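The next block holds one structure in the form of structure tokens; read it before the comments.
The values are calculated or read from the model by the stated rules, or taken from the named source; none is laboratory data. None of these values were measured; they are calculated from a predicted model. Note that each Cβ is placed from the backbone with ideal geometry, even for glycine, and that neighbours are counted across all protein chains shown.
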Amino acid sequence: MTADIDALNYPYIRVRDADWLKRTLLIFPHVVRMTPSERAPADDPEIDAFNYIEGRRAPLLRPARLHASHVHAAQQELVTELRSQLAIDGEAFLQRFGRRAAHTKGASSIGSKLTVWERRMSPTATFQIHAWKLFEELTSFLTNNELAWEPQSSMANGPEYLEMHPTLGEAVMATLAMACAENEGLQVVTEFPKLHGKLLGIPREKILATCLDGRKRTGKTSGEQVAEFLVYRRCDVDMVSAESIAALSDERAALAEFRAKLETLATTLPAIIRDDSVVEERLNDLLNDMFREWQQDQANLGPTGRRFFGEGVISESGKLARSLVEAALKPDSATDAAKGAAIGGISGMPSGHLTMPVIVGAGAGFIVAILVRGVESWRKDRETAQNSPLRYLTSLQKQGVSFSLSR
């Protein structure tokens with residue numbers, strides 16, 4: 001699961017939920033979508049902003065290269081597959097996936113007063129594809145064989161859309177998406193996993209057969225699953241803007257190490273879990289443990305060394321010791337007060353050890369010895385925390401992301 005890979009939004013051009021887009025951009029540098037070069041539907045204003053804010057290589061939301069030669073070749077291969085199916089099954093294939101079968105399913109009874117999204121989410125909806133997404137060979141083959149047709153104007157998702165049986169439409173769109181992903185090295189994701197998630201991860205050459213024959217969930221666990229559960233279920237992005245997400249483009253190394261950490265965490269799960277409730281329970285436990293580890297890292301990074309000194313009330317000598325430690329950790333900015341509490345430095349200390357003031361009073365040597373050992377230990381913990389793969393969570397927090405730490 002590489003960090004420097006963009007996400008391809010499947011299957012729609014438009015993004016329905018800005019929060020979904022922001023969450024996806026927490027673990028992918030950009031979101032790519034299959035947007036035709038002409039007559040594409042307009043975005044809502046809160047989504048449109050992401051088209052103009054620059055990410056690492058391009059705007060945060062950008063179009064896929066629909067007219068690439070690889071994408072063209074994939075559609076030609078799909079035509080060959082469909083032609084073979086028609087040659088074998090003939091009329092039976094049309095009866096299953098043609099216009100009459102789609103309307104018998106009840107799609108035409110949804111109602112024209114519903115919004116585009118309400119129609120799309122209906123269990124009896126047909127599948128509509130913007131014709132400008134496809135090359136002419138595929139479009140002509142589908143329409144000439146009555147496997148695609150122009151929808152009623154009152155039911156169309158917009159101008160230039162073709163209507164298809166939902167099963168065959170899913171196969172066509174998934175093939176297009178996978179070809180775009182192969183062409184640019186993208187990870188296919190969906191805003192609607194229950195409705196359109198069954199084909200994610202299927203090799204392109206098996207998509208048509210999988211759609212026609214049906215597919216059961218494998219139940220396999222993965223680092224990608226952990227990452228998606230984290231951002232879509234445990235992250236609050238209400239305070240996050242497109243500009244703050246763009247600022248994360250400087251965190252390439254941190255993101256790469258974080259995603260590697262999630263892959264490692266995924267290996268602690270059973271390889272296959274088919275029960276969704278068990279999957280959710282195990283993922284929540286896994287992320288709770290991860291957040292506790294991150295919180296410990298945060299404590300080690302604290303400016304007063306909570307791990308060494310502890311929390312709560314401390315003695316006057318302890319307060320003095322703390323001020324001296326802070327001065328030692330920031331020698332260039334040591335305060336006059338801290339300097340005034342000392343009468344000299346520790347002599348004879350080997351090179352590489354912390355040099356700090358001697359404390360006046362009984363037991364001073366003991367206190368200094370404890371401080372030297374303790375601060376060196378804390379400094380090592382601090383360096384470990386600064387290099388932790390979980391530091392990406394801190395970067396997210398700085399950009400306005402908040403987390404649900406227990407469930």
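Given the criterion at pLDDT 90 or above, under 22 Å from W132 (Cα atoms) and buried (at least 20 other Cβ atoms within 10 Å of the Cβ), identify the matching residue among A227, A174, A254, A242.
Criteria check complete, one pass: A174.
Hey, among Y161, Y232, which residue is of a type in the set (F, W, Y) and touching a His at 6+ places or on another chain (Cβ under 6 Å)? Don't jump to the end; show me each part of the working.
Details: Y232 fails: touching a His at 6+ places or on another chain (Cβ under 6 Å).
Only one candidate qualifies: Y161.
Candidates in the stretch 21-32 are the residues that are of a type in the set (A, V, I, L, M, F, W, C) and either in a loop (DSSP other than H, G, I, E, B) or without any contact (Cβ under 8 Å) to a residue 12 or more places away in the chain (or both); of these, the one that is surrounded by the fewest Cβ atoms within 10 Å (Cβ to Cβ) is L26. The C-beta contact set for the stretch 293-307 (first residue over 20 Å from F403 (Cα atoms), second residue modelled with pLDDT under 70 and β-branched (V, I, T), distance under 8 angstrom, 6+ apart or interchain) comprises G305/V325; G305/V375. For the stretch 172-193, the criterion of being farther than 28 Å from V231 by Cβ and of a type in the set (A, V, I, L, M, F, W, C) is satisfied by at least one residue. Please enumerate the residues belonging to the stretch 200-220 that are assigned to a loop (DSSP other than H, G, I, E, B) and touching a residue at least 40 places away in the same chain (Cβ under 8 Å). Within the stretch 200-220, L200, R217, T218, G219 qualify. For the stretch 137-151, enumerate the residues that are assigned to a loop (DSSP other than H, G, I, E, B) and either outside the structural domain of A74 (by TED's automatic domain parsing) or surrounded by 13 or more Cβ atoms within 10 Å (Cβ to Cβ) (or both). If the condition is that a residue be assigned to a loop (DSSP other than H, G, I, E, B) and either outside the structural domain of A74 (by TED's automatic domain parsing) or surrounded by 13 or more Cβ atoms within 10 Å (Cβ to Cβ) (or both), then N145, L147, A148, P151 are the ones that fit. Scanning the stretch 33-72 for residues being assigned to a helix (DSSP H, G or I) and without any contact (Cβ under 8 Å) to a residue 24 or more places away in the chain gives a total of 4. If the condition is being of a type outside the set (V, I, T) and under 16 Å from F97 (Cβ atoms), then the stretch 124-150 contributes A125, F127, Q128, L138, F141, L142, N144, N145, E146, L147, A148, W149.
Here's a check for you: in the stretch 152-170, which residue that is in contact with a Ser or Thr (Cβ under 8 Å, 6 or more places away or on another chain) and buried (at least 17 other Cβ atoms within 10 Å of the Cβ) is farthest from H67 (Cα to Cα)?
Taking the stretch 152-170 as the starting set, the residues that turn out to be in contact with a Ser or Thr (Cβ under 8 Å, 6 or more places away or on another chain) are 152, 154-155, 162-166, 169.
Checking the rest, the ones that are also buried (at least 17 other Cβ atoms within 10 Å of the Cβ) come to 155, 162-166, 169.
Numbers: M155: 28, L162: 18, E163: 21, M164: 22, H165: 25, P166: 24, G169: 20 Å.
Taking the candidates together, the pick is M155.
For the stretch 227-278, a residue qualifies if it is closer than 30 Å to I53 by Cα and in a loop (DSSP other than H, G, I, E, B), and the qualifying residues are R234, V237, D238, M239, V240, S241, E251. Of all residues assigned to the stretch 101-116, at least one qualifies as being within 28 Å of the chain's Cα centre (by Cα), part of a helix (DSSP H, G or I) and closer than 25 Å to R23 by Cα.
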